[in-house]
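*Asks:* Can you read through this structure? Questions will come right after.
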Amino acid sequence: MDILGQITSYGYQYFDNAAFLALATLGLVLIYGMMGVINMAHGELMMIGAYVATYSFHAGVPVPIAVLMAGIVAGGAGALIEILIVRHFYNQLLSSLVVTWGLSLMASQGMLLLMGPSTLNMPTPLGSLTIGGFTFGTYRMVMVVVAIALILGIWLLFRYTGFGRRAQATMENDRMAAALGINTRRIYTSTFAFGSALGGIAGGMFAMTAAVSPFFGQGYTAVAFITVVLGGSANALGGLLASVGYLSTAQTLLSNMFNQYIGYVALFGAAFIALLLMPAGFSAAIERRRQRKMQR
């Protein structure tokens, strides 16, 4: 067996799993990790993005523009959801869970009535390359690059822009932020719409790897939610990176030892073990360690 090909295969699978987790989770990091809303309709926003990208592509729109359109439409849908429904359930964790779960059922069943049970497909672009007897899809590596670029872009946005500073102030203490003249309602709507747009982009990209159907997003919601909870809210992006790295390692190892189904189950098992040890998630553990170092 070619050693280089085997090592490349393990690395490819690891980054592939990590990219899927990161892309599926990024929007939820903003909505749950920063706003404290359990958006169980996140998968349906991804489904909307997948449909928009697929129909746009078959209408002759280039793939990058089709994915961008998916994000725009999903972001618009997210803004409407926040204005009409979600804003009435801030600081009501269980209520937001029930309401958005109901939205997810309505969206999937509504799409089923509208589009029917048949599936749509987009071809996977960019072909493949062969290393040491192993064949790797080039598009999967593009997804890794896009995931890294989006994470870096979000970090820069919330660290160095006026919107980012206002958003962080609102999430920390919305009453104080409002007293200082920040339009907190606009911040909440914009943040929710941005998180929804990221979900739409993820759905548009995933449409090139799987069949699109009214229940397209349901397989991603649970995985994304677990990844966000395991990451914690003390440092949303730092926790996301730690959570994605940890879960991808468990999934990749067990998938190679057994099969993909066992690897998928291992992801949930690994999350369960980590949450037993770190109930507040990775980011809280990282922050506690950093504070102990500063006190020395």
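The values are calculated or read from the model by the stated rules, or taken from the named source; none is laboratory data. Not measured: the values here are computed from a predicted model. Don't worry about glycine lacking a Cβ; one is built from the backbone with ideal geometry, like all the others, and counts go over all protein chains shown. Just the protein is used for accessible areas: all its heavy atoms, side chains included, with ligands, DNA and RNA removed. Shrake-Rupley method; radii C 1.70, N 1.55, O 1.52, S 1.80 Å.
*Asks:* Leaving out ligands, DNA and RNA, and with a 1.4 Å probe, what % of the accessible surface on the chain is carbon or sulfur?
*Replies:* 67
*Asks:* So, one more: Got a sec? What order do HIS58, HIS42 fall in by accessible area at 1.4 Å, biggest, i.e. largest, first?
*Replies:* So, going from the largest accessible area down, we get HIS58, HIS42.
*Asks:* Can you tell me the accessible area per residue over the chain, all protein chains present, probe 1.4 angstrom, in square angstrom?
*Replies:* Heavy-atom accessible area per residue stands at 50 Å².
*Asks:* Then there is this: Can you give the percent of C-alpha pairs in the chain whose distance is more than 25 Å?
*Replies:* Of all Cα-Cα pairs in the chain, 50 percent lie more than 25 Å apart.
*Asks:* Just to be sure I understand the rule: take each whole DSSP H helix in the chain, project its Cα atoms onto its long axis, keep it if the span is 30 Å or more and its mean Kyte-Doolittle hydropathy is at least 1.0. Which ones pass?
*Replies:* Going by DSSP H runs, the hits are 63-84, 93-115, 138-160.
*Asks:* A further question follows. Can you find, among SER9, THR170, GLY137, the residue farthest towards the positive end of the dipole of the chain? Put +1 on the C-beta of Lys and Arg, -1 on that of Asp and Glu.
*Replies:* Result: THR170.
*Asks:* May I pose another question? With point charges of +1 on the Cβ of Lys and Arg and -1 on the Cβ of Asp and Glu, referenced to the Cα centre of the chain, which listed residue (ALA18, MET278, VAL146) lies farthest in the positive direction of the dipole?
*Replies:* Checked the options; the winner is MET278.
*Asks:* Let me ask another. If you average the sequence gap of Cα pairs under 8 Å that are 6 or more apart and divide by the length of the chain, what percent do you get for the contact order?
*Replies:* 32
*Asks:* Magnitude of the Cβ-charge dipole of the chain, K/R +1 and D/E -1, about the Cα centre, nearest 20 debye?
*Replies:* For this selection, approximately 1040 debye.
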